[in-house]
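Colleague: Below are the structure tokens for one structure; questions will follow.
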Amino acid sequence: MVPSNGNISGGSSYGDVVAYYCDAGYEISGDEERTCQSDQTWSGTQPTCARKPCPELPHPTNGNRTEGHLYGDTVTFFCNEGYELIGSENRACQTNQSWSGVQPICTRKLCQQLMAPSNGNIYGGSSYGDVVTYYCDAGYEISGDEKRTCQSDQTWSGIQPTCVPGLSTLHVVMIAVVPSVVLLVLGVVAGILGYRRGRKRQSDDFELEEFDFHPDILDKKLTNLDKPQPPPVPARPQFLEYEVNPDDLRLNEEIGRGAFGIAFLATLKRAVDGLLTEQTVVAKTVRENAREEEIQNFIQEVDTTITLRGHINLLGLVGCCTMSHPPYLVTEYMPYGDLKNFLLKCRKLNERLQDSMYDFDDMKIYQVARQIANGMTYISQAGYVHGDLAARNVLVGEDLVVKIADFGLTTDIYERGYQRQDAEQKIPVRWMAPERLMREGRYTSKSDVWSFGVVLYEIATLGNVPYPGRERTLLEELRTGYREPRPPGLKQELYDTMLRCWQWDEDDRPEFEELYDELDAEVEVMAEDYFKPGSGSPVGGQNQAAEAFETSYDVPKSGRMGMQLRVTADVYNSEDRDEVDSLASSNAEASSTPIEKDVDTGNDTHTAVDKCKATQQDTLSEIEDQDQLQVESSIPPGAVSMNANDSSTDSELPEPANVQKNETPATIEDNTEDAEEEMPPTTEETVHYY
């Protein structure tokens, strides 16, 4: 019998086999095939066609949804009182077991912006639950409700107050001065009377009559004059030149979520030369329950992105939506994602065979590092500190163009030239300079230079975790001179650059301009006619075709400390985020051990990058060895490859001065015979924050 929502094929004679199959969106539950047996019965049992399941959808924060997860089910989302839905209200489970639409969020409803009273001001936000406080200028007093709350129906409680004249400044002065004048006059009069009385008595003594003065005209309202007034609400910046219509922005898919914001893959409709086109972009916004302070910080990120716009190695600005709620920052889309995951893909043979971008060699190490130094030169010379430079915050585009992203929550640096870390702010410790790890938390652009050294380590090892398992003891180990050892096969010159970036005294670290010049010169040496993706002056400007083959760049000399610096941190990669590193601490520990020698030649072996490339070439000619080669090629860069007959030791490799040698984990020493055959499992290690 044909199952509901399915069909069968095959005969019904002895020995015939009937195959069951289901319509789109359904799957077989039971025996897929049944055979006609000699006793004229069918083997097995009658199957049915069951609806395929889709992944369970999350419940929105400050909202809920209906149940359902099978093909044909439609889930409806709704928000709690005071919140409104942004995204798809209904999502259907489709035949390919995916959901239609976009996962919605519940964001606080927005009340109409309140006006400050004449001769006064207001303080507070305009989202559901926010309380606005009114206050008046000197000489005026509130008449009406001093506080008003944004309610769930998007109206304000209370009534609009006014500032009415109170005691004028003249009145205040008179109240303060008149008693003193009266006392002075009375004293003079008393003195004169006493003097005259003394003359009558022909005596040298006189007695001054005492007066008690009780000024009963003082108004109690004056006692509030010294009460500190709340700061006024900062005016929201206007970016009219960059504003896009939120109706032209369509959110397609959530691609990232952090402690302070959400990122969507989106489509933006734009008119180009009179024609309506659609552009793939990334839209960032605040979380559903964002406070007014967080919204203001997000607007500040928009301001920073606009200020730093136009450089080829900084993420490009497309536009923003700050007049609507929630606000959006719209940036260009980088198809290869973040550098961290890009490097991890470079380890996989199938990725390299499918796309030469993942065929990562020594040239590309310098190629990527040079571009990051280029962007950071521009940031530092513009008077900013990034504050969270890491491979995860660098994006990769076509032709290996890389761009620094996530300028985050920007605050002004003090005029003395450095910023102090908020004691409550959480930071990714393994990328941070010692001065940021210490409780005083002071940091400058030289702190970014330290982080750049860690990024170089990530690039050279194809995404290894720096300082694994040392979060709690890292500061003390750095203080005693420990640094990550040189990855096997890495050029000594590049490792020396890392060590210079990791100098304990920040004044001993190089400037980004110097790092850029060194890396650019090395690229010139490595390839005379090397094409430099993302070429352009470190001080900004869009990349032009003529710049693509430039061989030298002029970087203006500019003082760093003479500027008013600012600091940027990642709005999406800050506290409590779910972003994880892909290697376990044990594997990363092993990968940082500088033990790898070639038994036959006595020379340092190639990096794991070179091994991967050689394996790829061998694979094309020796198909029969495919499986073995794939295992060997997948060993993460920096992993120790040892042979039982290899007599090489750590002492054979020169150690840089003042760098503590990293001991080989016991698990590696105990399994040297099998090290080449085993591929370290890829697990996840959480990025730790203090």
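The values are calculated or read from the model by the stated rules, or taken from the named source; none is laboratory data. Only a predicted model underlies this, so the values are computations on that prediction, with no experimental measurement involved. Ideal geometry is used to build each Cβ from the backbone, glycine not excepted, and the neighbour counts take in all protein chains shown.
Colleague: Consider Glu254 against the criteria (1) buried (at least 21 other Cβ atoms within 10 Å of the Cβ); (2) acidic (Asp, Glu); (3) under 22 Å from His59 (Cβ atoms): it satisfies all of them except one. Which criterion is unmet?
Modeller: (1)
Colleague: I need the strands (runs of 3 or more DSSP E) fully contained in segment 1-50, keeping only those with at least 2 residues that are in contact with a strand residue (DSSP E or B) (Cβ under 6 Å, 6 or more places away or on another chain) and more than 21 Å from Asn96 (Cβ to Cβ). Before you say what the answer is, go through the steps one by one.
Modeller: Numbers: elements: 6-9, 17-22, 26-29, 33-35.
Filter on segment 1-50 gives 6-9, 17-22, 33-35.
A quick yes/no check of all residues on (1) modelled with pLDDT of 50 or more; (2) not in a loop (DSSP other than H, G, I, E, B):
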residue: Asp406; (1), (2): yes, no
residue: Glu415; (1), (2): no, no
residue: Lys426; (1), (2): yes, no
residue: Arg430; (1), (2): yes, yes
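Residue-wise test of (1) in a helix (DSSP H, G or I); (2) touching a residue at least 24 places away in the same chain (Cβ under 8 Å); (3) within 26 Å of the chain's Cα centre (by Cα); (4) over 28 Å from Asn313 (Cα atoms).
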| position | (1), (2), (3), (4) |
| --- | --- |
| Glu477 | yes, yes, no, yes |
| Gly481 | no, yes, no, yes |
| Pro485 | no, yes, no, yes |
| Leu494 | yes, yes, no, no |
| Leu515 | yes, yes, yes, no |
| Ala521 | yes, no, no, no |
| Val525 | yes, no, no, no |
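Colleague: Moving on. Say we look at segment 295-339 and pick out the residues that are within 21 Å of Ile86 (Cα to Cα) and of a type in the set (Gly, Ala, Ser); which of these is surrounded by the fewest Cβ atoms within 10 Å (Cβ to Cβ)?
Modeller: Going through the qualifying residues, I end up with Ser324.
Colleague: Follow-up question, since we're still on this one. Take segment 51-71 and flag every residue that is assigned to a loop (DSSP other than H, G, I, E, B) and surrounded by 14 or more Cβ atoms within 10 Å (Cβ to Cβ). Explain how you work it out, then say what you get.
Modeller: The initial filter retains those residues of segment 51-71 that are assigned to a loop (DSSP other than H, G, I, E, B), namely 52, 54-62, 66-69, 71.
Result: Lys52, Cys54, Leu57, Pro60, Thr61, Asn62, Gly68, His69, Tyr71.
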